[in-house]
1. So in the stretch 97-125, with the set limited to residues that are among the hydroxyl-bearing types (Ser, Thr, Tyr) and modelled with pLDDT of 85 or more, which one is farthest from Thr47 (Cα to Cα)?
2. Out of Gly118, Gly142, Gly101, I need the residue that is in a helix (DSSP H, G or I) and over 19 Å from Gly18 (Cα atoms). Which one?
3. Name the residue that is nearest to Ile83 (Cα to Cα), counting only residues in the stretch 126-160 that are β-branched (Val, Ile, Thr) and modelled with pLDDT of 80 or more.
4. Go through the stretch 37-88 and count every residue that is among the charged types (D, E, K, R), over 19 Å from Leu124 (Cα atoms) and surrounded by 19 or more Cβ atoms within 10 Å (Cβ to Cβ).
Amino acid sequence: MGVYCSFYHFDGIALSIGGAFVGLVITNSSLSMPSMIGFIMLMGIATKNSILLVDYALIAQRRGLARFEAIIDACRKRARPIIMTTIAMGAGMLPLVFGWGDADPTFRRPMAAAVLGGLVTSTLLSLVVIPVVYTLMDDLSGWFAKWLVPSGKEQTTTNGKV
């Protein structure tokens, strides 16, 4: 289980990058050092979202829920913290995108545009794509377990199948 859990984190990052580029294009900002700082912030948040979903689903499965019910339960219970984080980060970035305040907006605007654009896409897509990838990876691990486990020994995946 631990080996392929890393794929979920990469999916969360991949979902956010496209939105970050869209945010840069919409605000007519360039790909610069501040926007790269925004990418790093965004990757942390997107990874946290995928970890929240997958870990909660794994905990629910260990408590006896079937895989599908565990995924639905995780999405239902973890959607609020994910959306709250998105709203809080978005509210913090809006003044930077609009250039409000005394500081020069040319440095901060690309960072905020990348973060806002990526937050929107990663939040919306992670609640749909991460559970699908989780299901596919769990099925794939079960398929590989059939071929890699020596005969006579039994191994189960999180969905209980061999």
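The values are calculated or read from the model by the stated rules, or taken from the named source; none is laboratory data. Being a predicted model, the structure only gives us computed values, none of them experimental. Heads up, the Cβs are rebuilt from the backbone with ideal geometry, glycines too, and the neighbour counts pull from every protein chain shown.
1. The initial filter retains those residues of the stretch 97-125 that are among the hydroxyl-bearing types (Ser, Thr, Tyr), namely 106, 121-123.
After this cut, where a residue has to be modelled with pLDDT of 85 or more as well, the list is 121-123.
Working: Thr121: 13, Ser122: 9, Thr123: 11 Å.
So the residue we want is Thr121.
2. Details: Gly118 fails: over 19 Å from Gly18 (Cα atoms); Gly101 fails: in a helix (DSSP H, G or I).
Exactly one of Gly118, Gly142, Gly101 is in a helix (DSSP H, G or I) and over 19 Å from Gly18 (Cα atoms), namely Gly142.
3. Val128
4. As a first pass, look at the stretch 37-88 and keep what is among the charged types (D, E, K, R): 48, 55, 62-63, 67, 69, 73, 76-78, 80.
From what is left, the residues that are over 19 Å from Leu124 (Cα atoms) are 62-63, 67, 69.
From what is left, the residues that are surrounded by 19 or more Cβ atoms within 10 Å (Cβ to Cβ) are 67.
Looking only at that region, the number is 1.
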